[in-house]
1. Just one of (1) of a type outside the set (A, V, I, L, M, F, W, C); (2) in a strand (DSSP E or B); (3) modelled with pLDDT under 95 trips up Asn202, so point out which.
2. For segment 80-128, which residues satisfy the criterion of being open to solvent by less than 40 Å² (accessible area, probe 1.4 Å), part of a loop (DSSP other than H, G, I, E, B) and closer than 29 Å to Cys154 by Cα?
3. Filter segment 232-251 for residues that are more than 19 Å from Gln188 (Cβ to Cβ) and hydrophobic (A, V, I, L, M, F, W, C); which is surrounded by the fewest Cβ atoms within 10 Å (Cβ to Cβ)?
4. Just one of (1) farther than 21 Å from Ile119 by Cα; (2) open to solvent by 20 Å² or more (accessible area, probe 1.4 Å) trips up Cys150, so point out which.
5. Can you list residue pairs whose Cβ atoms sit under 6 Å apart, with the first residue in segment 53-77 being within 15 Å of Arg223 (Cβ to Cβ) and of a type outside the set (D, E, K, R) and the second being open to solvent by 40 Å² or more (accessible area, probe 1.4 Å) and in a helix (DSSP H, G or I)? Count only pairs 6 or more apart in sequence or on different chains.
6. So how many residues does segment 153-162 have that are closer than 28 Å to Thr249 by Cβ and surrounded by fewer than 21 Cβ atoms within 10 Å (Cβ to Cβ)?
7. Test of understanding: among Ser180, Ser77, which residue is open to solvent by less than 50 Å² (accessible area, probe 1.4 Å) and assigned to a helix (DSSP H, G or I)?
8. Quick one: how many residues across segment 129-156 are among the hydroxyl-bearing types (Ser, Thr, Tyr) and not in a helix (DSSP H, G or I)?
Amino acid sequence: MGRRSVEWHDNGALVWTWRLTLIVSGVGLALLGVAVVLWATRTPAEAARGDAGYGLPATFGAVALIVAVAGRISSASALRYRNASLPPVPAPSAVVHHVEARSCSVHRRSGIAYLMMAITGGGLVLAALVNWDTQPRLGSLLELVLAAACAAGCYLAGPAARFVMTPRHLHIDTALHRISVPRHLLGQFSRRGVEVRLDLTNGDHVYFRVDSPLWDLRGGQYRTNGRCQVRTVERIVAMLGEVPPATHTDDAVVTTTRVGMIALAVGAGILPAAAIVLIAITARLGH
């Protein structure tokens, strides 16, 4: 492959080399510079109209700069962890229990879920508070209800999922279900796309996610999360040394329903609909 050839990751995503990043970010900075010059030299009439031709280069420049920097960070992480193997599960006799905890847990990596929670839920709360005295009170209350529903949805799509180590089980909690794997059945972890596969000593296996499904909304086929996979499995393996095992009595993987999370999901869907109906009825009665 030549030095000037475009490189691609195994999943088809573009590899943002330093050379490509510097070229694109340089173009972005140049466009931003043009926008600054146009803004500084605008006439009073153009300033009054709010149109001096600097909006277009400013937009394209900012987008180019953000894409280049984000692409380089993503590519660097993907290349670093591309061939990284997941930590092995040690034999029970090899585990040193340096912490005597009854249970330990780690939540699924959920940065994007928290971000979406802040944007959607926080944005609606801010809109309700800012317009509290200038719009119908029912409208503000509806915005608060929608904010709560958005926050609940983002929670279910993110930190609601977790991994819990107890003396007898590794519990893999998704948003709505709990998969309980007896500790003595833990085999080895391996990477399968953006998921992790846990092979069991009885020949069975379990697949699970290590980050929020919200990432897939922007096109999951070009996504890599090797760093998240490695860090999550490292934490799961570390928890084996924090929670001493108990005598096992279970020999099967059991999947149960998380009743509280299902209630939260149902409430997040029903509450906004009920609020809209109530507001419509109140508005009709008011007329």
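The values are calculated or read from the model by the stated rules, or taken from the named source; none is laboratory data. Remember, predicted model here, so these are calculated numbers, not experimental data. A quick note on method: Cβ atoms are made from the backbone with ideal geometry, for glycine too, and the neighbour counts reach across all protein chains shown. Each accessible area value is taken on the protein alone, full model and side chains, heavy atoms only, with ligands, DNA and RNA left out. Shrake-Rupley method; radii C 1.70, N 1.55, O 1.52, S 1.80 Å.
1. Checking Asn202 against (1) of a type outside the set (A, V, I, L, M, F, W, C); (2) in a strand (DSSP E or B); (3) modelled with pLDDT under 95, the one that fails is (2).
2. Scanning segment 80-128 gives Leu86, Arg108, Ser110.
3. Ranking the qualifying residues of segment 232-251, first place goes to Ala246.
4. The single condition Cys150 does not satisfy is (1).
5. Final answer for the pair search is Ser77/Arg227.
6. Quick first cut of segment 153-162, residues closer than 28 Å to Thr249 by Cβ only: 161-162.
Those still in the list that are surrounded by fewer than 21 Cβ atoms within 10 Å (Cβ to Cβ) too: 162.
Count: 1.
7. Numbers: Ser180 fails: assigned to a helix (DSSP H, G or I).
Of the residues listed, the single one that is open to solvent by less than 50 Å² (accessible area, probe 1.4 Å) and assigned to a helix (DSSP H, G or I) is Ser77.
8. Taking segment 129-156 as the starting set, the residues that turn out to be among the hydroxyl-bearing types (Ser, Thr, Tyr) are 134, 140, 155.
With not in a helix (DSSP H, G or I) added as a condition, the list becomes 134.
The total comes to 1.
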